[in-house]
1. Over region 1-133, what is the percentage of antiparallel beta bridges among all DSSP beta bridges, to the nearest 5?
2. List every residue whose amide H lies under 5 Å from the amide H of Asp105, counting only residues 5 or more places away in sequence or on a different chain, with H placed 1.01 Å from N in the peptide plane.
3. Over the Cα atoms of region 142-284, what Rg and Dmax result, in angstrom?
4. Leaving out ligands and nucleic acids, and using a 1.4 Å probe, what accessible area per residue does the chain come to in Å²?
5. What is the packing order of peptides 76-86, 140-150, taking the mean over residues of other C-beta atoms within 10 Å and listing the highest first?
6. Over the residues of the chain, compute the C-alpha Rg and express it relative to 2.2 N^0.38 Å.
7. When only DSSP loop residues count, what GluC sites (Glu not before Pro) in region 96-198 have their Cβ near at most 10 other Cβ atoms within 10 Å?
8. What is the local net charge at Asp12, summed over the other residues whose Cβ is closer than 14 Å to its Cβ (Lys, Arg +1; Asp, Glu -1)?
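The values are calculated or read from the model by the stated rules, or taken from the named source; none is laboratory data. Just so we're clear, the structure is a prediction, and the values are computed from it rather than from any experiment. We place every Cβ from the backbone using ideal geometry, glycine too, and count neighbours over all the protein chains shown. Please note that ligands, DNA and RNA were not included when accessible areas were found on the heavy atoms of the full protein model with its side chains. Shrake-Rupley method; radii C 1.70, N 1.55, O 1.52, S 1.80 Å.
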Amino acid sequence: MTAQATAPGRIDFLKVQGTGNDFVLVDGRGTQADWAALAPGLCDRHFGIGSDGLLVMQESQRAPVRMVMYNPDGSEAEMCGNGLRTFVKYAVERGGVAAPGGRLDVETGAGVLRTSFAGANGAVERVRIDMGAPILRPADVPVTPGPAHDDAGPVRDLALRVGGEDVTVTCVSIGNPHAVHFTETPVEQYPLSRVGPLVEHDAHFPRRVNFEIVNVLAPNHLRMRVWERGAGETLGCGTGACAALVAARLHGRAEAVATVGLPGGDLRIEWAGDAEGRSAVFLEGPAEYVFAGSWQPTDRDR
């Protein structure tokens, strides 16, 4: 079964996941649809399929294929690391996209990203993504930190006052904006459902922001939970895990290669860079199918 819109009003899809970050994946090549308007219904966990986002495969003029991601609120996300891994799995295994040498370039909202993959008997089991260099200049994250911080960045220890408490964050973009908070409180005990939406919509972040809370367990081992912009708390976030390691290294608290543990599983992150952000971040982790099906929009979704 292919994941594509085969008839007006009916959408065939795949449900996919990477470290518990789950997505509805639709092959939109040759299909005209208002995916932003359909995303809230598709992603709704009570009245729709249910997911952390919608991935749409489209034709590209810059790469063999293009991935567009929509958040559950219908907003378009620049990039999603967990989503891209599942997208590569579908593109290679079922989407008819050639990937010579086990490599595939994919156009995203954050540019063309290079991926490679490993597996047996033609299956894609793990995908490695060259995420490019992290963006640390405040105007490009974007974040408006005020006069206490250098315009060139990086923005470390930005003090926020949200919900009656002080939260200090380090700001990084991995093609999408992140605010990373290090805490000694075990991440499982942190009040993320209360603080997360306040940080997401804080006035310092003109495009909103993804919010990560992080425990540094060892220089090569971080633990993290995430509140994703436009989605809420999710079990995993690939770009968030990348941002966590970059932020930890900016504070001198992590090695160049680390495991980032999320509620949905572990990711392997590499970054050998410095405050100039001149080295690429690499993300590696699993990608899996969950199920296939067809979805019929109702009047609620139109």
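1. On the way: 24 of 31 bridges.
If we restrict to bridges inside region 1-133, about 75 percent are antiparallel.
2. Thr115
3. Every Cα atom of region 142-284 included, Rg and Dmax give 13.7, 39 Å.
4. In whole numbers, the chain has 41 Å² accessible per residue.
5. Details: 76-86: 26.0, 140-150: 15.2.
Ranking the peptides 76-86, 140-150 by packing returns 76-86, 140-150.
6. Working: Rg = 18.6 Å, N = 302, 2.2 N^0.38 = 19.3 Å.
Normalised Cα radius of gyration, the chain: 0.97.
7. Glu184
8. Numbers: positive: Arg10, Lys15, Arg29, Arg94; negative: Asp27.
Charge balance in the 14 Å sphere: +3.
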